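For reference, the structure discussed in these notes is given below.
The values are calculated or read from the model by the stated rules, or taken from the named source; none is laboratory data. None of the values given here were measured: they were computed from a predicted structure. Quick reminder, even Gly has a Cβ in these numbers, built from the backbone with ideal geometry, and neighbours come from all protein chains shown.
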Amino acid sequence: MARFKPVSYAQTLMVPIILEKHLVPGTLEFAIHHLIETRIDLSPLEAKLRDDETGRPAYNPKVILKAVLLAYLRGIMGSRKIEQAGRENVTFIAITAWSTPDHSTIAECISSNSKKR
């Protein structure tokens with residue numbers, strides 16, 4: 001009879017993760033991260049936010065823009081699928097610094113910044 005090593009799904013792990021290490025130079029996600037952090041002026045997006053002393057703080061527009069751009073360039077369409085990628089895909093977790101905006105926040109950002117035809 002075969003013997004197997006025991007497994008425990010109830011174990012607690014402490015794994016140090018440096019999210020920025022998952023953004024490898026020369027990759028698409030690194031390019032998106034670098035361009036948005038260092039080259040693109042997002043003050044027009046930030047000006048739309050009415051951030052005051054009350055309520056929940058807004059997601060940084062850089063985070064949402066990075067997630068949307070990476071998703072679109074990877075063929076992921078739809079705010080629910082982008083939200084899912086942000087919760088399950090290590091690359092999306094790294095590029096958003098584990099912020100995980102929900103689908104309604106992503107959809108609102110996309111629709112409020114789209115040109116009306």
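Based on this model, can you work out whether Ala58 counts as part of a helix (DSSP H, G or I), under 18 Å from the mean Cα position of the chain (by Cα), closer than 17 Å to Ala97 by Cα and small (Gly, Ala, Ser)? The answer is no for Ala58. Annotation: Glu37 fulfils all but one of (1) surrounded by fewer than 18 Cβ atoms within 10 Å (Cβ to Cβ); (2) part of a loop (DSSP other than H, G, I, E, B); (3) touching a residue at least 24 places away in the same chain (Cβ under 8 Å); the unmet one is (2). Going through (1) among the hydroxyl-bearing types (Ser, Thr, Tyr); (2) touching an Asp or Glu at 6+ places or on another chain (Cβ under 9 Å); (3) part of a helix (DSSP H, G or I) one by one, Ser111 falls short only on (2). Taken over the range 24-34, residues that are in contact with a helix residue (DSSP H, G or I) (Cβ under 7 Å, 6 or more places away or on another chain) and either more than 23 Å from Gln84 (Cα to Cα) or surrounded by fewer than 17 Cβ atoms within 10 Å (Cβ to Cβ) (or both) amount to 2. All conditions in (1) surrounded by 12 or more Cβ atoms within 10 Å (Cβ to Cβ); (2) assigned to a helix (DSSP H, G or I) hold for Trp98, with the sole exception of (2). From the list Thr54, Thr100, the one residue that fits, being touching a Gly at 6+ places or on another chain (Cβ under 7 Å) and of a type in the set (Ser, Thr, Tyr), is Thr100.
Among the residues making up the range 43-72, a single one is surrounded by 17 or more Cβ atoms within 10 Å (Cβ to Cβ) and in contact (Cβ under 8 Å) with a residue 60 or more places away in the chain: Leu45.
Do the conditions hold for Thr96, that is, is it hydroxyl-bearing (Ser, Thr, Tyr) and modelled with pLDDT of 90 or more?
yes
Kindly indicate whether Leu35 is modelled with pLDDT under 90 and either touching a Leu at 6+ places or on another chain (Cβ under 8 Å) or within 20 Å of Tyr72 (Cα to Cα) (or both). So Leu35 does not fit the description; no.
Pairing residues of the range 95-117 that are touching a residue at least 40 places away in the same chain (Cβ under 8 Å) and hydroxyl-bearing (Ser, Thr, Tyr) with residues that are assigned to a helix (DSSP H, G or I) and surrounded by 15 or more Cβ atoms within 10 Å (Cβ to Cβ), at Cβ distances under 8 Å and at least 6 apart in sequence or on separate chains, gives Ser99/Val63; Ser99/Gly86; Thr105/Ile64.
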